[in-house]
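Here the structure is laid out as structure tokens; the discussion comes afterwards.
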Amino acid sequence: MNIYIAGLNYSIDDAGLESLFAAYGEVTSAKVIMDNYSKRSKGFGFVEMADVKAGQTAIEELNGKEVEGKTLLVNVARERTERPSGDRGGYGRDNRGGFNRGGNRDSRPPRKY
């Protein structure tokens, strides 16, 4: 069972996340998501547990619980959806989001020098 955890204290690492869930059953993996640039925790992570019943118990016990001064949000992780590659929307040359602000040069009145 794959579990999503939000509201993690930034000091919690993979081992700390694993030990938090190990009290409820066998943890097959625990991963705190890190920012690529700052190498700091983003405050959320994922835990995979071998037994579904143990995972449900962990969710019920830990959701809303305060750990290291932060309240956890714990629930079943949704399947990852694929993002379309390429255009991220709004910032390319052709979609009026950034470089080309629209308008037609020929429709402007001529300059007077």
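A short reminder: the numbers here are calculations on the coordinates, not readings from a lab. Nothing here was measured: the structure is a model prediction, and the numbers come from that model. Glycine also receives a Cβ, built like all others from the backbone with ideal geometry; neighbour counts cover every protein chain displayed.
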Next on the checklist: What is the sum of charges, Lys and Arg at +1 and Asp and Glu at -1, for the other residues whose Cβ falls under 11 Å from the Cβ of Glu18?
Outcome noted: -3
Item to check | Set of lysines with alpha-carbon distance to Lys39 below 23 Å, sequence-local pairs under 8 removed | outcome: Lys31, Lys70
Next on the checklist: Take Arg40 and Asp14, extend 7 Å from each Cα along the Cα→Cβ direction, and tell me the distance between the two endpoints in nm.
Outcome noted: 2.2
Item to check | Glu26-Glu48 pseudo-label distance in nm [points 7 Å out on the Cα-to-Cβ vector] | outcome: 1.4
Checklist entry - Taking segment 1-66 on its own, what percent of its Cα-Cα pair distances exceed 17 Å? => result 35
Item to check | Proximal charge balance of Asn9 [Cβ under 11 Å; K/R count +1, D/E count -1] | outcome: -2
Next on the checklist: Run through segment 3-37 and list the chymotrypsin sites (Phe, Trp or Tyr not before Pro) located in a DSSP loop whose Cβ has at most 16 other Cβ atoms within 10 Å.
Outcome noted: Tyr10, Tyr37
Checklist entry - Label points 7 Å out from Cα along the Cβ direction at Gln56 and Lys70: separation in nm? => result 2.9
